[in-house]
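Notes to accompany the following structure.
The values are calculated or read from the model by the stated rules, or taken from the named source; none is laboratory data. Here the structure is a predicted model, which is why all the values come from computation and not from measurement. Note: ideal-geometry Cβ built from the backbone for every residue, glycine included; neighbour counts use all protein chains shown.
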Amino acid sequence: MREKYSHLEKLWETLFSEVREAVVLLDEQARVNCVNSSFEKLFGYREEEIKEKCLSDLLALQEQHDARDTFENKFIKGEAVEYDTRWLHVEGFKLEVYIRCIPVVVNGQLVGGYVIVSDIKQHKKYHELYSYSMMYDSLTRLYNREYFEKKLQEMDGEKAHPVGVVIIDVDNMKLINETLGYNTGSELLKNCAKVLKNCLRDKDIIARIGGDEFGIILPGANLDNTKKVSRRLLDKVAEHGRVNTEVPLNVSIGLSATFSPEQTLAAVFNEAENDLYRDQCREKTSSDTVSLLVNALAERDFINSGHAERMSVNSKFLAQKMGMDERQINDLILLSHIHDLGKVGIPEEVLFKPGHLDRGEWEHIKNHPLLGYQIASSSADLDHIADLILYHHERWDGKGYPYGLKGEEIPLECRMLAIVDAFDAMTNTRPYRAAFTVEEALEEIRRCAGTQFDPNLAEVFIDLIEEQRLGKKNENENEEDSKNEESEDGK
């Protein structure tokens, strides 16, 4: 029992000392027994200065001294008291406070009680912050979805007409967050919010209604007006993109408007969402997205080696040698640039570790095709090669990852990329080893044909590289002969 009461005592002591409000414990004569630190901060008195004194003697204004019946006298009678008043700080300035005085009665006898004092100004501040959070989005400073939906309902009740609704979605936000980081994504959203807001009238309502989605209500706008506003918004977004090229801002847009007072704004909003979906499904250029990803990978990996550029050149030559069509060649070149997209999720201390990787670190590495697949699948520009990213580390003998596919189960583009990637990796210096010579690299590819690599493709690639080397050798010899002839003519 002693232990139980000791624990309870500790709990009450902690509550008393840590609670935000100012708290005073009173004895049965309504005199101060002790105060907490919040009280000392609020009024500037230390506990020893006011112990065994009446709070009204210290804190009440002169005109309040005749009204003690509202506080100490009622407390002594065992009556609870609550009211707003003004009390004095130790330095003489006035504080607006709300007082709750609660007596404690045991077996019909008053044994003491406590007073809770709240700073009304501080409470107003908290209330204002709470009210703000209920209406506004903390990141963009625009209205939030709750406020947006509330305004739609209010305008519905007023039978407002005409009213236009526009929904804007920032393209590739998941991609940007996972490649460049969430801070970059947040800055892009804030910039987009500013661009959109600056295009609108004061009476228009713009809100952030989702992670990467903005909603706009245009009072008095019919469908034609709404389309004009949407075109203006797209022009301003494009203008922002031309000026700020570091992270491209691209958006999809959907719109609708009321055609009669009887039409609900909920229905208009749904139609705008459907229009947004149709816009997202339209084919869009992937150049901005690819550039974004290539830059992100360059900052994280192979920044000085030109890895992606060399890969795309050799991949194109090999694809042409294999008689692939233009679409396949373009997909292979794109894959050469972003096949390691998932590496943005690998810690740099693992990615650039000079020594051997432990088991956990190796699991990080093996997970990057799956992460790359997930990122690419989230982008309309890249989802057509997401499977190629997923399988680009599979091996001909089935000992690759993540799924252990073997032979021709592996897409042709992935089998080709595996050879091109290995050749480039071997012939360039890495943190953990020196570069191989071309002859050494080709011999290693020949040795691994039928296990790591498709044997037929390996042979084609080896022939291709040897043809290129022979062609360069002949070019160099011809250049040397030309120089010698020029030298003889000069003599």
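With closer than 14 Å to Ile209 by Cβ, aromatic (Phe, Trp, Tyr) and touching a residue at least 12 places away in the same chain (Cβ under 8 Å) as the only criterion, which of Tyr147, Tyr136 stands out?
Details: Tyr136 fails: touching a residue at least 12 places away in the same chain (Cβ under 8 Å).
Step by step, each of Tyr147, Tyr136 is checked, and only Tyr147 is closer than 14 Å to Ile209 by Cβ, aromatic (Phe, Trp, Tyr) and touching a residue at least 12 places away in the same chain (Cβ under 8 Å).
The rows are residues; the columns are (1) within 20 Å of Leu234 (Cβ to Cβ); (2) in contact with a Leu (Cβ under 8 Å, 6 or more places away or on another chain); (3) surrounded by 21 or more Cβ atoms within 10 Å (Cβ to Cβ); (4) modelled with pLDDT under 90.
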site	(1), (2), (3), (4)
Val247	yes, yes, no, yes
Asn250	yes, no, no, yes
Gly254	yes, yes, yes, no
Thr258	no, yes, yes, no
Thr264	no, no, no, no
Asn274	yes, no, no, no
Tyr277	yes, no, no, yes
Arg282	yes, no, no, yes
Asp288	yes, no, no, yes
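With respect to Asp202, is the statement that it is in a loop (DSSP other than H, G, I, E, B) and without any contact (Cβ under 8 Å) to a residue 12 or more places away in the chain true?
Answer is yes for this residue.
Restricting segment 381-398 to residues that are surrounded by fewer than 17 Cβ atoms within 10 Å (Cβ to Cβ) and touching a residue at least 40 places away in the same chain (Cβ under 8 Å), which is nearest to the chain's Cα centre (by Cα)?
The selected residue is His384.
With respect to Val195, determine if the residue is of a type in the set (A, V, I, L, M) and either closer than 30 Å to Glu348 by Cα or outside any strand (DSSP E or B) (or both).
yes
Kindly list the number of the only condition in (1) at pLDDT 90 or above; (2) outside any strand (DSSP E or B) that fails for Lys4.
Result: Lys4 passes all but (1).
Residues that are surrounded by 13 or more Cβ atoms within 10 Å (Cβ to Cβ), basic (Lys, Arg), in the same structural domain as Ser17 (by TED's automatic domain parsing) and at pLDDT 90 or above: does segment 57-71 have at least one?
no
Among the residues that make up segment 81-101, is at least one of them more than 24 Å from Tyr45 (Cβ to Cβ) and either in the same structural domain as Lys190 (by TED's automatic domain parsing) or in contact with a Gly (Cβ under 9 Å, 6 or more places away or on another chain) (or both)?
The answer is no; no qualifying residue exists.
Go through (1) in contact (Cβ under 8 Å) with a residue 40 or more places away in the chain; (2) surrounded by fewer than 21 Cβ atoms within 10 Å (Cβ to Cβ); (3) under 30 Å from Ala376 (Cβ atoms) one by one and return the number of the condition Ala160 breaks.
(3)
Mind listing whichever residues of segment 235-273 are touching a residue at least 60 places away in the same chain (Cβ under 8 Å), in contact with a Pro (Cβ under 7 Å, 6 or more places away or on another chain) and not hydroxyl-bearing (Ser, Thr, Tyr)?
Ala257 - this is the single residue of segment 235-273 that is touching a residue at least 60 places away in the same chain (Cβ under 8 Å), in contact with a Pro (Cβ under 7 Å, 6 or more places away or on another chain) and not hydroxyl-bearing (Ser, Thr, Tyr).
Condition check ((1) over 18 Å from Ile116 (Cβ atoms); (2) loosely packed, with under 12 Cβ neighbours inside 10 Å) across all residues:
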position	(1), (2)
Met1	yes, yes
Leu15	no, yes
Arg31	no, no
Gly92	yes, yes
Glu96	no, no
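Do you know which residues across segment 165-179 are in contact (Cβ under 8 Å) with a residue 40 or more places away in the chain and farther than 16 Å from Cys199 by Cβ?
Once the filter is applied, which keeps residues that are in contact (Cβ under 8 Å) with a residue 40 or more places away in the chain and farther than 16 Å from Cys199 by Cβ, segment 165-179 yields Asp169, Asp171, Asn172, Lys174, Leu175, Ile176, Glu178, Thr179.
Only one of Lys483, Lys406 is under 26 Å from Glu363 (Cβ atoms) and modelled with pLDDT under 95; which?
On the way: Lys483 fails: under 26 Å from Glu363 (Cβ atoms).
Just a single option satisfies the conditions, and that option is Lys406.
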